[in-house]
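Have a look at the structure below before the remarks.
The values are calculated or read from the model by the stated rules, or taken from the named source; none is laboratory data. Keep in mind the model is a prediction, meaning the values are calculated, not measured. As a convention, Cβ positions derive from the backbone with ideal geometry for all residues, glycine included, and neighbour counts pool all protein chains shown. With ligands, DNA and RNA removed, areas are computed over all heavy atoms of the protein, side chains included. Shrake-Rupley method; radii C 1.70, N 1.55, O 1.52, S 1.80 Å.
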Amino acid sequence: METGIKGEKKLTVTADQLACNVGSGLVSVFATPMMIAAIENTAAGSVAPYLEEGKTTVGTLVNVSHVSATPEGMEVRVETELTEIAPNGKILTFKVAAYDEAGLIGEGTHQRAVVAKERFEQKAEAKKNA
């Protein structure tokens with residue numbers, strides 16, 4: 001894996017993605033948590049083909065501004081670019097942006113950690129017995 005890997009996904013804003021329906025506000029516009037989920041999904045998908053078998057990535061940091069509201073029914077496009085890989089290869093940093101049909105709606109950075117999927121899930125499950 002090397003820097004420069006890009007991801008892009010498009011979605012149409014639906015009623016279940018509105019702030020008033022996900023608990024992040026009272027307005028009927030694309031919710032910030034849904035924009036962040038789309039960013040994480042795009043970044044994760046962009047690097048998935050480059051990971052060793054049994055590995056995946058998990059989100060560890062999101063630093064994104066949501067600068068413009070998007071109504072239901074409008075298309076959103078998310079773009080990500082891998083800009084940095086930690087020396088140990090485990091932390092990936094992405095430049096991210098989201099656009100609707102009128103322009104920029106959000107931008108910032110996102111980090112993901114490369115983990116062994118099975119071990120990661122086992123460790124989380126072990127918390128139940130702690």
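Considering region 57-74, the residues that are part of a strand (DSSP E or B) and in contact with a Phe, Trp or Tyr (Cβ under 9 Å, 6 or more places away or on another chain) include one that is farthest from THR42 (Cα to Cα), namely PRO71.
Checked against (1) at negative phi; (2) of a type outside the set (Phe, Trp, Tyr); (3) open to solvent by 30 Å² or more (accessible area, probe 1.4 Å), ARG112 passes all but condition (3). Please determine whether any residue of region 83-95 is in a strand (DSSP E or B), touching a Phe, Trp or Tyr at 6+ places or on another chain (Cβ under 7 Å) and touching a residue at least 40 places away in the same chain (Cβ under 8 Å). So far as region 83-95 goes, yes, one or more of its residues are in a strand (DSSP E or B), touching a Phe, Trp or Tyr at 6+ places or on another chain (Cβ under 7 Å) and touching a residue at least 40 places away in the same chain (Cβ under 8 Å). Candidates are the residues of region 5-18 that are of a type outside the set (S, T, N, Q), in contact (Cβ under 8 Å) with a residue 12 or more places away in the chain and out of contact with any strand residue (DSSP E or B) (no Cβ under 6 Å at 6 or more places or on another chain); the one that is most open to solvent (accessible area, probe 1.4 Å) is ALA15.
Of the residues making up region 35-52, one or more are loosely packed, with under 13 Cβ neighbours inside 10 Å and either in a loop (DSSP other than H, G, I, E, B) or in contact (Cβ under 8 Å) with a residue 60 or more places away in the chain (or both). Within region 96-107, not a single residue is open to solvent by less than 30 Å² (accessible area, probe 1.4 Å), of a type in the set (A, V, I, L, M), closer than 19 Å to THR3 by Cα and assigned to a loop (DSSP other than H, G, I, E, B).
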